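Colleague: I am attaching a structure below and will ask some questions about it afterwards.
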Amino acid sequence: MKIITLITLLLTLLFSQEIKQPVSQFTSSGPVVDLLYKDGKVYSATNASCVDIFDFKSRELIKKIEIPKITDFMGDVVHSKVYSVDVIDDKILILSQDKQGFRRVHLHQNGKTELLFDYNKALTIAKAKFLNSDTILLGLLSNELVSYNIKNNSNNWIIQVSAAKFSDFVLNESKSEVVVADESGDLKIHSTKDGKRIKLLAGQNLDNVFQVDYKNGIIATAGQDRRTVIYTPKSNSSYYLESDFLIYSVGLSPSGKIVGYYSDEANNVTLVNTITKSKIGIYGGNPMTISKIVFINEKEFLVSSDANVINLYNVK
């Protein structure tokens, strides 16, 4: 009887690893496409023609920036999907869906939302971020990068990164470098000053990289090949962590010492120490496919999904 009890206990310990649950939540206006934390505020880009802004401490919605709905190809008025949001100083950059499959860009400042350009430019922009208060970086589905001057309404430079379809880009903290991920699995690091390529990172992801993050000299990927690759470009070192499911999302802590990645069909996130490669824990409670993993600091992180719930977790 004692042997049976012992075996049962061992099997329980082996197969029932604790899945940690969120400590708090934010409720957004619609499914969350992009997520940003800055200066005590959480910015949620939604599928419902708006960007929600929350106070991180109170968890309360303090502002909602609405953009016009669009007319689809059937002539129906529908919500505009907000693909990305960014903040610099008092400016908020909003990239959203427009007519005919093209994109538009709005700039929100001093309580007003101004249209910078719309579908008439015929651009299929997948991501837009500030380089400085007057310049934005655009990543096109054609895998072109465009440095665009807001004041002059003109391009500083434009480059073709590769022939592969664009997936994602991320800037380093100083915004001097951009890492571009695409369906080839390779990463390209370019200078944001002139667009010139600095470095190619290849051979670890064997298929499309859905997302990429870059913190404190560490780069992490979310791969269709079920790999999260950790690169340290300065030391030319890399390794990968394997999952049993497609890895749609990835995020690094500010120090780069912790990586979180979408790890299974149950929409859980696994945290791993990037230095020791040891698992920190598994975090659950996400209702749908994860869209973003954003660290607040080394002890807290947010997870959004294709739902209106944003979960907050403690790193334990």
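The values are calculated or read from the model by the stated rules, or taken from the named source; none is laboratory data. From a predicted model like this one, the values you see are computed outputs, not experimental measurements. When we count neighbours, we look across all protein chains shown, and the Cβ atoms used for this are built from the backbone with ideal geometry, even at glycine. With ligands, DNA and RNA removed, areas are computed over all heavy atoms of the protein, side chains included. Shrake-Rupley method; radii C 1.70, N 1.55, O 1.52, S 1.80 Å.
Colleague: Select from region 70-162 those chymotrypsin sites (Phe, Trp or Tyr not before Pro) which occupy a DSSP coil region and have at most 16 other Cβ atoms within 10 Å, ordered by residue number.
Modeller: F73, F102
Colleague: What number, rounded to the nearest 500 deg cm²/dmol, is the helix-based mean residue ellipticity at 222 nm of the chain, given -39500 (n - 2.57) per DSSP H run of at least four residues and division by all its residues?
Modeller: That calculation yields -1500 deg cm²/dmol at 222 nm.
Colleague: Positive end of the charge dipole of the chain (Lys, Arg +1 and Asp, Glu -1 on Cβ, about the Cα centre): tell me which of L141, G40, A181 has its Cα farthest that way.
Modeller: The residue sitting farthest along the positive end of the dipole is G40.
Colleague: Can you compute the radius of gyration and Dmax for region 170-316, using only the Cα atoms, both in Å?
Modeller: 14.4, 43
Colleague: Accessible area per residue for region 129-273 in Å², computed with a 1.4 Å probe and the full protein assembly in place, what is it?
Modeller: That works out to 40 Å² per residue.
Colleague: Just the number: Rg to Rh for region 127-229, Cα atoms, Kirkwood Rh, two decimals.
Modeller: 0.97
Colleague: Quick one: Debye curve from the alpha-carbon atoms of region 27-84 only, equal weights, vacuum; give me log10 I(q)/I(0) at q = 0.25 Å⁻¹ to two decimals.
Modeller: Results for region 27-84 at q = 0.25 Å⁻¹ read -0.94.
Colleague: Quick one: Karplus J couplings for region 274-289, per residue in order, coefficients 6.51, -1.76, 1.60, θ = phi - 60°, nearest Hz, x for Gly and Pro?
Modeller: 6, 8, 8, 6, 7, 6, 8, x, 10, 10, x, x, 8, x, 9, 4
Colleague: Tell me which lysines have Cα within less than 18 Å of K165's Cα, excluding those fewer than 8 residues away on the same chain?
Modeller: K127, K188
Colleague: So, one more: Please work out the ratio of the alpha-carbon Rg of region 76-160 to 2.2 N^0.38 Å and round it to two decimals.
Modeller: Ratio of Cα Rg to 2.2 N^0.38 Å: 1.04.
Colleague: If a paramagnetic tag sat 7 Å from the Cα of S176 along the Cα-Cβ line, which residues of region 226-248 would have the backbone N under 16 Å from that point?
Modeller: 233-235
Colleague: In addition: If you rank Y37, Y240, Y261 by how much accessible surface each has, with a 1.4 Å probe, what is the order from largest down?
Modeller: Result, largest first: Y240, Y37, Y261.
Colleague: Check which residues have an amide H placed less than 5 Å from I258's amide H, if you skip close sequence neighbours.
Modeller: For I258, the qualifying residues are S253, T274.
Colleague: Could you tell me the distance between the Cα centroids of region 233-312 and region 25-102, to the nearest Å?
Modeller: Taking the Cα centre of each part, region 233-312 and region 25-102 sit 22 Å apart.
Colleague: Round to the nearest 10 and give me the degree value, 0 to 90, for the angle of helix 2-15's Cα axis relative to the longest principal axis of the chain.
Modeller: It works out to around 10 degrees.
Colleague: Something else now. To the nearest 0.05, what FRET efficiency results for L107 and I19 with a Förster distance of 35 Å applied to their C-beta separation?
Modeller: With R0 = 35 Å, the Cβ-Cβ based efficiency is 0.30.
Colleague: Sticking with this one: Run down the lysines and flag those whose C-alpha is under 18 Å from the C-alpha of K69, throwing out any fewer than 8 positions away in its chain.
Modeller: K81, K99, K112
Colleague: In terms of modelled amide H atoms, which long-range or inter-chain residues lie less than 5 Å from the amide H of N268?
Modeller: S263
Colleague: From the P(r) of the chain, could you give the percentage of C-alpha pairs in the tail past 29 Å?
Modeller: 37 percent
Colleague: In region 87-180, which trypsin sites (Lys or Arg not before Pro) are in a loop and have at most 16 other Cβ atoms within 10 Å, using DSSP for the loop call?
Modeller: K151, K165, K175
Colleague: Dipole size in debye (nearest 20) for the chain around its Cα centre, Lys and Arg Cβ +1, Asp and Glu Cβ -1?
Modeller: Computed charge dipole of the chain: roughly 600 debye.
Colleague: Highest mean first, how do 19-28, 300-309 rank when packing is the count of other Cβ atoms within 10 Å averaged over residues?
Modeller: Packing proxy ranking, top to bottom: 300-309, 19-28.
Colleague: Quick one: pull the percentage of alpha-carbon pairs in region 225-308 with a separation above 18 Å.
Modeller: For region 225-308, the share of Cα pairs beyond 18 Å comes to 39 percent.
Colleague: Calculate the spin-label point distance for W157 paired with S235, positioning each point 7 Å from the Cα along the beta-carbon direction, and give it in nanometres.
Modeller: 3.0 nm
Colleague: Ok, one more. How many nm is it between the label spots at R59 and N120, if each spot is 7 Å from the Cα in line with the beta carbon?
Modeller: Going by the 7 Å Cα→Cβ label model, 4.5 nm.
Colleague: Hey, what D do you get for region 34-182 in µm²/s if you plug the Kirkwood alpha-carbon radius into Stokes-Einstein at 20 °C and 1.002 mPa s?
Modeller: Once the numbers are plugged in, D ends up at 135 µm²/s.
Colleague: What figure in square angstrom, to the nearest 10, would you give for the accessible area of E60 with a 1.4 Å probe?
Modeller: 120 Å²
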